[in-house]
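Engineer: Let me begin by handing over the structure; questions about it come next.
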Amino acid sequence: MFGWTGKLLRVDLSTEKISEEVIPEEILHQFIGGKGIGTYYLFKEVPPRIDPLGPLNRFYLVTGPLQGTKIPITGRCAAVSKSPLTQLYIDSQIGGHLGPELKRAGYDMLIIQGKAGKPVWINISPDERAINDATQLWGKTTHETELALRKAEPKTRVISTGPAGEKLVRFACLTHNFFRNFGRGGLGTVFGSKQLKAVAIRGDKRQISTPDSRKELELVKQLSHRAKKAKERGHSLHFHGTSWLVPYANETGQFPTHNFQTTYFEGHEKISAEQLEASVDNQTRRTPCELCVISCAWTIKKEFPWAPTEKTGEIAMPEYESLGMIGGNLGIDDPQTIIQVNHFCNTIGLDVISTGNVIGLLMEVTQRGLLPKDLQPLGIQFGDKEGLVNLLHKIVAREGIGDILANGTRMFAEQLGPEVEAIAIHGKGLEVPAWDPRGKRGLGLSYVTAAAGASHLRGWPRTTKPPNDKAITVLNSLIEEQNLKILKDSLVICHFTHSISPKFSIKDCMMVLETVTGISASMELVTQAAERIWLLARLFNIREYDNPPREYDILPPRFMQEPIPDGPTKGYTAFINQQDFNESLTELYKRRGCDPDGRPTQEVLKKLRLTALLKEN
Ligand code: SF4
């Protein structure tokens, strides 16, 4: 076998048993790796309607056939589980070094199940596979934990949950390499619920072999050349990371501002990439993932009083999502505050998107006077920097109003009643990221049909137009981009391969799969793999629903009913009208082999070879 190792490591925290298993070759061919393989095992092994914080939930850390080879832009891996935030399917992707290291340790996947009786950490090294006592690490930040576990062997790769995950804040993330996160859906909370503080991985020097090393080298050269070409043409990602998107999102009316009340932030120029860099005296350095030829990430060399050296690994430059959700969405136009809050989220283990969203809701609730009398003194205004930092500590400690906010936007709104639910910005319980769908035609369809909930990383329609025409006009490109993203997340290769020249395409997915595994990867094979994975993630959710699936595929009322009040996309809603939404959703279901209620038909299940799996479960 080439590309894959064909093996998984299973760690049962309840029985303390650690075992190796074979992954059937047929399953690797059908689901590829990463998101695909994780989705297959989640569906097969995790029973419907279990408590995501209970011992029956499982966590899948999954590499793809590219990890451990020489192919660039692949220093990544996927995680899949049931989300404590949405109670549904969640998958997430992370950069750094974790994926290649797991592969070098000999595994395509690590499965963690059960629940430990006391705090533990898992060690995977050339000498041992062990569950170790983590009592001394419990309560530590992700940075302190990583520094402690890498002390003896700096090349050990660590992923850990912070105090937020330990306290079961429902949007806690998992952090690796000090600022790389499995951000969405509460994967850090899953670790916390299992009393699992961290996983440390150190592989050996093995190189994953491919069928033809000459072809592998050609592919390395080709992808490197395409990245170089994009850089020479001045693609901003290569120079500023994602922070270059701040002016773009404002100019196109997609920037979240004051809990998505509008999409143009007056202070956006103060938090642009250039201002951000100037605010740290340009003392930054590139900190790429393993084998990356794009290098989109920067850390700060400067020291800050709020980041003591002995406790801090790296301080990250905020990416676009942080600038949107902590900046515009909370009315903060001060780069230093955003850097500090971003760092706090990385160390304490909070998803910055959900954090900015749930606090944005509290700010709007305060603005509108919708807080109940007993909570009124705890309200906070847009732009309140000191109040924001204090509130973060309360969320992590689950103290006072922080205890309610720690359950996420949907539960916070439900607790306060219908008036607040009407202004809560989430999809299926997952907080909406920093792109307002009222500024881009068809983006709302991407949000409502992603099994994870409202995520910006599940394939977008290829258009720069606002919703000034029917969404059905961009449906072909949306479906193609959804498939491409699923394939990238399964292979696993970075999303930002869209910024090489020419862009990474489905044809490239075929080419890399064939080069590293030697299997004959036709367009039909990879497209069907993407369709299979999309549908299986949806089927996981359908088992959780009380009503027809269509009733859950909805946008927040604000995006459907409130036209943007000002800025470049003034007057737009996410769809021309309700009929436009209904028609385009029905058509998307049809093209995905689902009936008008959003349930897959027997024909598509048979075509995608899912019938047997469904019968078993
Ligand atoms: S482009 Fe950025 S996120 Fe992607 S692999 Fe490179 S450094 Fe990592």
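Engineer: Among DSSP beta bridges whose residues both lie in the chain, state the antiparallel percentage, nearest 5.
Structural biologist: Values: 44 of 54 bridges.
For the chain, the DSSP antiparallel bridge percentage is about 80.
Engineer: Oh, and also: Using the Karplus equation 6.51 cos²θ - 1.76 cosθ + 1.60 (θ = phi - 60°), what ³J(HN,Hα) coupling, rounded to whole Hz, does each residue of region 110-120 give in order, writing x for Gly and Pro?
Structural biologist: In residue order, the calculated couplings are 10, 10, 10, 9, x, 8, 7, x, 8, x, 9 Hz.
Engineer: How about region 292-383: which GluC sites (Glu not before Pro) there lie in a loop by DSSP and see at most 12 other Cβ atoms within 10 Å?
Structural biologist: Counting only loop positions with at most 12 other Cβ atoms within 10 Å, the GluC sites (Glu not before Pro) in region 292-383 are Glu303.
Engineer: What is the set of long-range amide H partners of Thr257 at a cut-off below 5 Å, with H atoms built 1.01 Å from backbone N?
Structural biologist: Excluding prolines and chain starts, which carry no amide H, the hits are Thr262.
Engineer: Going toward the positive end of the dipole of the chain, with +1 on Lys and Arg Cβ and -1 on Asp and Glu Cβ, which of Ala78, Leu392, Ile271 do you reach last?
Structural biologist: Highest projection toward the positive end goes to Ala78.
Engineer: Leaving out ligands, DNA and RNA, and with a 1.4 Å probe, what % of the accessible surface on region 437-616 is carbon or sulfur?
Structural biologist: 52 percent
Engineer: May I pose another question? Hey, got a sec? Which chymotrypsin sites (Phe, Trp or Tyr not before Pro) in region 341-431 land in a DSSP loop and have at most 12 other Cβ atoms within 10 Å?
Structural biologist: Taking region 341-431 and a limit of 12 other Cβ atoms within 10 Å, no loop chymotrypsin sites (Phe, Trp or Tyr not before Pro) are found.
Engineer: Wrap a convex hull around the Cα atoms of the chain, take a quarter of its surface area, and give that in square nanometres.
Structural biologist: Reported value for the Cα convex hull: 24.7 nm².
Engineer: With a probe of 1.4 Å, find how much accessible area the chain has per residue, and write the answer as a whole number in Å². Before the final figure, lay out the partial values.
Structural biologist: Details: 22160 Å² over 617 residues.
On a per-residue basis, the chain sits at 36 Å².
Engineer: Okay, moving on. In region 7-201, what percent of the accessible surface is made up of carbon and sulfur (1.4 Å probe, ligands and nucleic acids excluded)?
Structural biologist: Answer for region 7-201 is 49 percent, counting heavy atoms of protein chains only.
Engineer: Need the list of aspartates and glutamates near Lys570 for cross-linking: C-alpha distance under 16 angstrom, and skip anything on the same chain fewer than eight residues off.
Structural biologist: Reachable aspartates and glutamates: Glu251, Glu266, Asp436, Asp469, Glu562.
Engineer: Provide the per-residue ³J(HN,Hα) series for region 549-565, in order, calculated from phi with Karplus coefficients 6.51, -1.76, 1.60 and θ = phi - 60°, each as a whole number of Hz, with x at glycine and proline positions.
Structural biologist: x, 4, 5, 9, 8, 10, 9, x, x, 4, 5, 8, 10, 9, x, 4, x
Engineer: Order Leu56, Leu61, most accessible first, counting only protein heavy atoms with a 1.4 angstrom probe.
Structural biologist: Sorted descending by solvent-accessible area, the residues read Leu56, Leu61.
Engineer: Between Val22 and Lys155, what FRET efficiency follows from the Cβ-Cβ distance if R0 is 35 Å, with the result rounded to 0.05? Mind showing how you got there, number by number?
Structural biologist: Working: r = 28 Å, r/R0 = 0.80.
According to the calculation, E is roughly 0.80.
Engineer: Work out from phi, with θ = phi - 60° and the Karplus expression 6.51 cos²θ - 1.76 cosθ + 1.60, the ³J(HN,Hα) of each residue of region 279-287, listed in order in whole Hz, and give x for Gly and Pro.
Structural biologist: Taking θ as phi minus 60°, the curve returns 5, 10, 6, 6, 8, 10, 9, 5, 9 Hz for region 279-287.
Engineer: Alpha carbons only, please: Rg and Dmax for region 437-616, in angstrom.
Structural biologist: For region 437-616, the Cα-based Rg and Dmax read 17.2, 54 Å.
Engineer: Please sort through the DSSP H helices of the chain and keep those with an alpha-carbon extent of at least 27 Å along the long axis and a Kyte-Doolittle average not below 0.5.
Structural biologist: 523-542
Engineer: Of Lys228/Lys485; Lys215/Lys485; Lys302/Lys485; Lys194/Lys301, which ones are farther than 28 Å apart at the Cα?
Structural biologist: Check vs 28 Å cut-off fails for Lys302/Lys485; Lys194/Lys301.
Engineer: Put +1 on the Cβ of every Lys and Arg and -1 on every Asp and Glu Cβ in the chain; which of Val46, Cys509, Asn468 then has its Cα farthest towards the positive end of the dipole?
Structural biologist: My answer, from the dipole projection, is Cys509.
Engineer: At a 1.4 Å probe radius, carbon and sulfur cover how many percent of the accessible area of region 253-427?
Structural biologist: Accessible surface attributable to carbon and sulfur in region 253-427 totals 47 percent.
The values are calculated or read from the model by the stated rules, or taken from the named source; none is laboratory data. The model shown is predicted, which means the values in this text are computed figures rather than measured ones. Using ideal geometry, Cβ is built from the backbone for each residue, glycine included, and neighbour counts are taken over all protein chains shown. Calculation scope for accessible area: heavy atoms of the full protein, side chains included, ligands and nucleic acids excluded. Shrake-Rupley method; radii C 1.70, N 1.55, O 1.52, S 1.80 Å.
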